[in-house]
Amino acid sequence: MSLRACALTATLASLIPLALSGCLTKPPLNLPDASVIRFEDGRAVPPDCATLVEPPALVDAGYRRPGVAFGCATYKNLAAMLARPEDLVAPLPYAGADANVATSAVRRLEEDRLKQPVTPTSTTTRTGH
């Protein structure tokens, strides 16, 4: 490889980090945490996505790109997954694990005395899509 080709390769290699620096910007630090999920009328309510919209930092051909509501889908999914939404405002106290049951299970496993289920209890059905 000639000296000129080496210099060109070195120049291009030094420009790659500069070209990728726009991709490496840090995310906004003012994102809310899961405490933004409210409890109203017996159900969990996620935050309004309009309040989470971050303005775009980039301009594409003179036009601003649309804003992004970081975390909106996460909070909506979390609110939908709560099995007992009352836990947000009045969680049940943790009773702890039953040490005797856990010890018994480990002992049965070590002594190869595992209990098999009597009969399957779940069924599956097919839908006609």
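All of the numbers you see were taken from the coordinates with simple rules; none came from a lab. A quick note: this is a predicted structure, and the numbers were derived from the prediction, not measured. Don't worry about glycine lacking a Cβ; one is built from the backbone with ideal geometry, like all the others, and counts go over all protein chains shown.
Is the C-alpha gyration tensor of the range 26-89 telling us rounded, prolate or oblate? Criteria: a/c under 1.5 is rounded; beyond that, a/b larger than b/c is prolate, otherwise oblate.
Taking the square roots of the gyration eigenvalues as a ≥ b ≥ c, the range 26-89 is prolate.
Taking H as built 1.01 Å from N, whose amide H comes closer than 5 Å to the amide H of Val45, not counting residues under 5 places away?
The list, which skips near neighbours in sequence, is Arg38, Phe39, Glu40.
Given an 8 Å cut-off on Cα distances and at least 6 residues of separation, report the relative contact order of the range 26-89 as a percent.
This gives 35 percent for the range 26-89.
Tell me the label-point distance for the pair Asp41, Ala69, using the 7 Å Cα-to-Cβ offset, in nm and rounded to one decimal.
1.9 nm
What list of ³J(HN,Hα) couplings, whole Hz, do you get for the range 40-48 from phi and the Karplus terms 6.51, -1.76, 1.60, once you set θ to phi - 60° and write x for glycine and proline?
Couplings: 9, 6, x, 9, 7, 10, x, x, 5 Hz.
Could you give the length gained by full extension between Leu114 and Ala7, i.e. 0.36 nm per residue of separation minus their alpha carbon distance, to one decimal place?
So the extension gain works out to 31.6 nm.
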